[in-house]
Amino acid sequence: MINLNMHYSELKDSYLFYNISEKIKAYRQANPDKELYHLGIGDVSLPLCDAVIKALHSAVDDQSRKETFQGYLPECGAPFFRKAISDFYVNKGIDIKPEEVFASSGASNELGDIIDLFDQSSKALIMEPAYPAYIDDSVIAGRKIFHQDTGRDTMFLASPDKSIDADLIYLCSPNNPTGAVYNYEQLKEWVDFANDRGAIILFDAAYEAFIEDDSIPHSIMQIDGAKTCAIEICSLSKTAGFTGTRLGYTIIPSELNRNGMNINSMWVRNRTTKTNGVSYIIQKGGAAVFTDEGQKEIHEILKVYKNNAKVLMKVLDELGIWYCGGKNAPYIWLKCPGNMSGWDFFDYLLNEIQVIGTPGEGFGKCGSGYFRLATFGDSKKTIIAAERIRDLISKKEN
Ligand code: PLP
């Protein structure tokens with residue numbers, strides 16, 4: 001009889017967002033007339049920008065004519081897409097060649113797939129609170145996981161701990177869920193740590209487009225030494241509204257080697273075996289994000305989300321609630337008032353004012369008592385939600 005991957009049985013019973021959606025479903029059934037205000041799941045609310053839509057339409061037309069029709073594309077990405085990303089990095093002063101760029105169907109897919117490159121014995125280090133997929137991917141792969149807790153004392157950022165014997169280091173900046181960002185010096189510590197011990201950093205840069213401050217690197221490849229220890233995983237989901245369209249890219253420097261093997265070449269081998277690439281139409285749409293017009297348009301959209309963050313932060317400031325994130329990141333991570341647990345605060349906001357957020361407990365034990373607000377919602381509804389939070393908490397405190 002076949003043996004299954006029994007590591008699936010070690011996964012936690014239900015995924016955070018499943019629990020939340022069940023609670024929302026039950027609330028809706030009991031209160032069908034109430035409007036809900038979503039500051040929970042990190043999905044965008046604004047459509048693709050014009051430059052992308054035009055490129056998608058034109059790519060569809062290409063597929064309708066014999067002369068422009070495209071069949072299979074190179075598995076690692078269409079040359080025009082890899083070049084667009086390479087130019088984007090070069091324009092930021094980071095030397096990345098098109099061959100170091102791989103198209104993906106999104107960061108989630110890539111985070112799950114890329115750990116194929118590492119032996120099962122390699123041990124993962126995950127800073128918590130963390131995006132849940134890092135843990136689940138590592139559990140499914142049967143990897144030993146070191147959990148490194150972070151807290152308010154370090155603004156939810158972690159520094160390398162030499163006593164932790166990790167091979168694969170997950171870093172996410174700007175962070176989901178905390179909105180925390182590493183500066184150059186802090187990332188350099190991680191790069192030195194990884195190079196010293198021969199570890200690899202999986203750098204999740206899904207939210208790089210939200211960075212405003214010059215003191216915050218957009219890419220780990222801006223750090224000296226990163227090209228010998230880091231893989232960068234990026235997504236167009238939040239940058240350009242591709243959550244439903246699906247496209248991302250991964251940077252694997254050509255000088256990244258371990259055990260006498262070149263990791264870029266290994267990933268080429270992996271992709272050419274396990275995928276037939278990403279759709280021509282979608283890559284055309286993605287390349288349009290990196291045109292001047294596309295960049296201008298996506299940053300107009302990001303401004304709307306950033307304004308949502310300002311609206312929410314203003315209310316938290318008025319209420320004297322501790323939080324981090326919100327700046328350089330689309331998430332606000334707050335301490336639940338009155339020492340409530342994240343799940344209690346979730347129920348309280350849902351039942352009293354119909355505002356939905358995400359309990360910190362869903363991102364690891366040290367997230368307990370914290371709460372995540374996402375800023376991707378409709379701006380009018382975010383204003384109403386912020387007012388409702390202000391009225392509810394100030395009434396509770398008086
Ligand atoms: N990485 C982080 C930190 C995320 O928050 C998300 C999505 O929310 C992803 C990766 C997945 O992005 P994608 O939509 O590209 O799969």
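Only one of the numbered conditions (1) surrounded by fewer than 20 Cβ atoms within 10 Å (Cβ to Cβ); (2) aliphatic (A, V, I, L, M); (3) over 30 Å from Val355 (Cβ atoms) is not met by Val304, and that is (3). Applying the condition of being β-branched (Val, Ile, Thr) and part of a helix (DSSP H, G or I) to region 277-306 and asking which residue is nearest to Gln63 (Cα to Cα) yields Ile281.
Cβ separations smaller than 8 Å between residues 6+ apart or across chains give the following pairs from region 250-265 residues that are free of Cβ contacts under 8 Å to residues at least 40 places away in the same chain to residues that are of a type outside the set (Asp, Glu) and surrounded by 14 or more Cβ atoms within 10 Å (Cβ to Cβ): Glu255/Lys227; Glu255/Thr228; Asn257/Thr228; Asn257/Ile263; Asn262/Ser254; Asn262/Leu256. Is at least one residue of region 129-143 without any contact (Cβ under 8 Å) to a residue 60 or more places away in the chain and over 30 Å from Thr245 (Cβ atoms)? Among the residues of region 129-143, at least one is without any contact (Cβ under 8 Å) to a residue 60 or more places away in the chain and over 30 Å from Thr245 (Cβ atoms), which makes the answer yes.
Looking only at residues in region 99-139 that are open to solvent by less than 20 Å² (accessible area, probe 1.4 Å) and hydroxyl-bearing (Ser, Thr, Tyr), the one that is nearest to the chain's Cα centre (by Cα) is Tyr134. Reported count of residues in region 212-223, each being more than 16 Å from the ligand (Cβ to nearest atom) and either part of a helix (DSSP H, G or I) or not assigned by TED's automatic domain parsing to the domain that holds Tyr89 (or both), is 2. On the basis of being surrounded by 14 or more Cβ atoms within 10 Å (Cβ to Cβ), at pLDDT 95 or above and assigned by TED's automatic domain parsing to the domain that holds Ser368, does Leu36 make the cut? Yes: the conditions hold for Leu36.
The residue that is farthest from Trp267 (Cα to Cα), among those in region 114-141 that are more than 13 Å from the ligand (Cβ to nearest atom) and part of a helix (DSSP H, G or I), is Val139. If the condition is being touching a Gly at 6+ places or on another chain (Cβ under 9 Å), on the phi > 0 side of the Ramachandran plot and open to solvent by 20 Å² or more (accessible area, probe 1.4 Å), then region 335-379 contributes only Asn339. Here Asn176 passes the criteria (1) away from the ligand (no atom under 16 Å from the Cβ); (2) open to solvent by less than 20 Å² (accessible area, probe 1.4 Å) except the one numbered (1). You will find that of Ala158, Ala209, the residue that is open to solvent by less than 20 Å² (accessible area, probe 1.4 Å), assigned to a loop (DSSP other than H, G, I, E, B), under 30 Å from Leu39 (Cβ atoms) and within 16 Å of the ligand (Cβ to nearest atom) is Ala158 and no other. All told, Ser86 meets the bar of being under 21 Å from the mean Cα position of the chain (by Cα), outside any strand (DSSP E or B) and more than 20 Å from Arg246 (Cβ to Cβ).
For first residues located in region 338-354 and in the same structural domain as Leu319 (by TED's automatic domain parsing), partners that are in a loop (DSSP other than H, G, I, E, B) and open to solvent by 60 Å² or more (accessible area, probe 1.4 Å) and lie 6+ apart or on another chain with Cβ distances below 7 Å form the pairs Ser341/Ser368; Gly342/Ser368; Gln354/Lys34; Gln354/Glu35.
Restricting region 224-259 to residues that are crowded, with 24+ Cβ neighbours inside 10 Å and away from the ligand (no atom under 16 Å from the Cβ), the residue that is nearest to Phe102 (Cα to Cα) is Ile252.
Take Arg271 and decide whether it is at pLDDT 95 or above, open to solvent by 10 Å² or more (accessible area, probe 1.4 Å), more than 16 Å from the ligand (Cβ to nearest atom) and within 23 Å of Ala133 (Cα to Cα). Criteria met by Arg271. Only a single criterion out of (1) under 24 Å from the mean Cα position of the chain (by Cα); (2) surrounded by 20 or more Cβ atoms within 10 Å (Cβ to Cβ) is not satisfied by Ile389, namely (1).
Would you pick out the residues in region 95-113 that are assigned to a helix (DSSP H, G or I) and more than 12 Å from the ligand (Cβ to nearest atom)? Of everything in region 95-113, those that are assigned to a helix (DSSP H, G or I) and more than 12 Å from the ligand (Cβ to nearest atom) turn out to be Pro98, Glu99, Glu100. Among the criteria (1) over 30 Å from Glu387 (Cβ atoms); (2) not assigned by TED's automatic domain parsing to the domain that holds Leu73, the one Ile332 does not fulfil is (1). Pairs only if they're at least six apart or on different chains, beta carbon under 7 angstrom, first in region 34-56 and on the phi > 0 side of the Ramachandran plot, second modelled with pLDDT of 95 or more and surrounded by fewer than 16 Cβ atoms within 10 Å (Cβ to Cβ); list them, first residue then second. Matching pairs, first to second residue: none at all.
The values are calculated or read from the model by the stated rules, or taken from the named source; none is laboratory data. Keep in mind that this is a model prediction, so the values were computed, not measured. In this analysis, Cβ positions are derived from the backbone assuming ideal geometry, glycine residues included, and neighbour counts consider all displayed protein chains. The protein model used for the area step is the full one, side chains on, heavy atoms only, and it has no ligands, DNA or RNA in it. Shrake-Rupley method; radii C 1.70, N 1.55, O 1.52, S 1.80 Å.
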